[in-house]
1. Helices (runs of 4 or more DSSP H) wholly in segment 294-413 with at least 3 residues that are aliphatic (A, V, I, L, M) - which ones?
2. How about segment 15-42: which of its residues are touching an Asp or Glu at 6+ places or on another chain (Cβ under 9 Å) and of a type in the set (S, T, Y)?
3. Going by what's in this entry, would L102 be described as assigned to a helix (DSSP H, G or I) and at pLDDT 90 or above?
4. Looking at S422, is it of a type in the set (G, A, S) and either under 23 Å from M197 (Cα atoms) or buried (at least 21 other Cβ atoms within 10 Å of the Cβ) (or both)?
5. May I ask you to list pairs of residues, at least six apart or on different chains, whose Cβ atoms are under 7 Å apart, with the first in segment 107-120 being at positive phi and the second being surrounded by fewer than 16 Cβ atoms within 10 Å (Cβ to Cβ) and hydrophobic (A, V, I, L, M, F, W, C)?
6. Considering segment 7-20 alone, what residues qualify as being buried (at least 21 other Cβ atoms within 10 Å of the Cβ) and under 24 Å from A68 (Cβ atoms)?
7. Tally time: how many residues in segment 580-621 are in contact (Cβ under 8 Å) with a residue 40 or more places away in the chain and outside any loop (DSSP other than H, G, I, E, B)?
8. Any idea how many residues of segment 609-624 are surrounded by fewer than 16 Cβ atoms within 10 Å (Cβ to Cβ) and touching a helix residue (DSSP H, G or I) at 6+ places or on another chain (Cβ under 7 Å)?
Amino acid sequence: MKLLLIHADHMEYEVRRKTKVAEELPPGAPEKFSMSEVLVAFATVEAEDTNTPEFAAKVADGIFDVLAQTKAERAMLYPYAHLSPSLASPDVAIPLLKAIELCLKEKGVEVHRSPFGWYKGFDIKCKGHPLSELSKEIRPGEEEDSQAIKAEKKAVSEWAVMDLDGKMHPLRLDSNNVKGFDFGERKGLGTFCQYEMAKSRTGGKEPPHVELMQRMELVDYEPASDPGNFRFYPKGRLVKSLLEQYVTQKVKDTGGMEIESPIMYDYEHPSLKEYMNRFPARQYTIQTPDKKVFLRFAACFGQFLMMHDATISYRNLPMRLYELTRYSFRVEQRGELAGMRRLRAFTMPDCHSFCADVEMAKKEMESRFELSRDIISGFGIKVPDELELALRVTKEFYDGNKDFLASMVKRWGKPALVEMWSERFFYFIFKYEWNFVDSSGKASALNTDQMDVENAERYGIVYVGSDGKEHHPLILHQSPSGAIERVIYAMLENAHIRQQRGEKPELPLWLTPTQVRFIPVSDEFVEDCVKMAKDMDARADVDDREETVGKRIRDAEREWASMIIVYGQKERASGKLPVRMRDGKSVELTTEEVSRMIAEGTEGFPKATLALPMMLSKRAIFRG
């Protein structure tokens, strides 16, 4: 399908004459129809397009993505046969357009579909901004469900809350309300349980972090790509790079050996194909000149193939391999793509530990649990206060390891959700997740660890035990932070939640793009500010624009600058700087004291220079 998308002040059309393939108009349908503040999707249904729910949802996702970018209030779906020479038959085109219309309505979009097969006159007024005229080509893909996804859809779970004493409180849904545990002060856990038990994953209104990431020129939608792929502006790339360095160093400090592996693999490779069917994710496939390949949806493939070829002794265990995937790819389901909460291309810190047996695996999980506490606390997220723990387990593993699960909840420090399966549907028998619950009640896993009992045998991974014989290890799959993009989502959403409580939104000092903003009161003091900014071991910039001091202070606040310094004659004479902190407090410091404060506040974290020119007058506007 080809789409021409016009963001318009208004669109009006008039039905004039029907063709041989025209659909019948509903009784009472007006000859003229108009919409204002509308995204008009001129749509050409092509011969290769398929009238399937999956393809209709895929097209609707593409239109919805542009609606979010342009902030259009409504949509018009306008059949338009002039974007392609290869047209689908009306028997395919009309039902497909109706299905796309329905998908958009299910997303909460006010949408109108103009009739198919009629000559129409139309009048449109395009808004004329950078995103007001876009084109898309959307093709049916091989977005196949793995056997694990099919099994998950059929799986019946038992739910409970485990308290700090290890007692299980069975849960049930009653009219969409969770019963069986007194959540009391545990409102976040109650919201999380409701979200998980109802299994509603589709998005509703646009989450708050989208406006923040766009306004602060961190991240934005990329209309020229597949939905779920993003562009990172210089400040966003700075934040993402620092997060990547931080997580990687923390993993390496605990013995993780960093490797790199390909992003695409042979679709027909026996071990890989079998594993794909055991993993709950959908994959992108590509036909190369030589073979059909798939884009990896995790780092497992490269690490497992590497371990297959390695010579390993029991003395090497636990053995930890680590890769920061740029990128992993998953064809996420319809309605799930909302900002950076869930993406189709993402950067995943992926660490596998190879263990001799269950007891070693449990000890390794406990160690990695604390690694994640250290990492996620560094993002400025309070652990466990601002997260919820989920334990997902087979009944067999639970029955034999109740004390271990109870110790994990006690280690966590507050009650946790338990999902129990009567049988094993996946390659793992136990996993835990740390979930962030946003202001819309949507949950997203950050840290997760899984105990895999299948893949060592599947990939032929063995170690030589103390008995001189070969054994298959257990494999732990961990992301100690979650996808880097999802970390940014969680930090921005968390800042929004805190702002709702009356706190100032901020990023941790080591991550904020501007740590110190100098505001000279006049041109006379610009050079002084530039010199001080250069002398500081910090990301310090100078707002030398021809704006009022008040306006420049407000702009620095909107950019979440950690420290703001207004500089003039008094400051030049005294050598003391009036430092306005992010929390609203003001202190007088020398330049050396400011530098020392930043050094102390960022100790142990990676460092980087400014992502943009020091002088604000030299900076481009990436998102007008």
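The values are calculated or read from the model by the stated rules, or taken from the named source; none is laboratory data. Only a predicted model underlies this, so the values are computations on that prediction, with no experimental measurement involved. Ideal geometry is used to build each Cβ from the backbone, glycine not excepted, and the neighbour counts take in all protein chains shown. Accessible surface areas use protein heavy atoms only, side chains included; no ligands, DNA or RNA. Shrake-Rupley method; radii C 1.70, N 1.55, O 1.52, S 1.80 Å.
1. Correct list: 300-309, 358-377, 402-412.
2. Listed by number, the residues that qualify are S34, S36.
3. For L102, the condition - assigned to a helix (DSSP H, G or I) and at pLDDT 90 or above - is met.
4. Against the criterion (of a type in the set (G, A, S) and either under 23 Å from M197 (Cα atoms) or buried (at least 21 other Cβ atoms within 10 Å of the Cβ) (or both)), S422 qualifies.
5. G117/V21
6. Residues satisfying the conditions are H7, A8, M11.
7. 9
8. Summing the residues that are surrounded by fewer than 16 Cβ atoms within 10 Å (Cβ to Cβ) and touching a helix residue (DSSP H, G or I) at 6+ places or on another chain (Cβ under 7 Å) in segment 609-624 gives 1.
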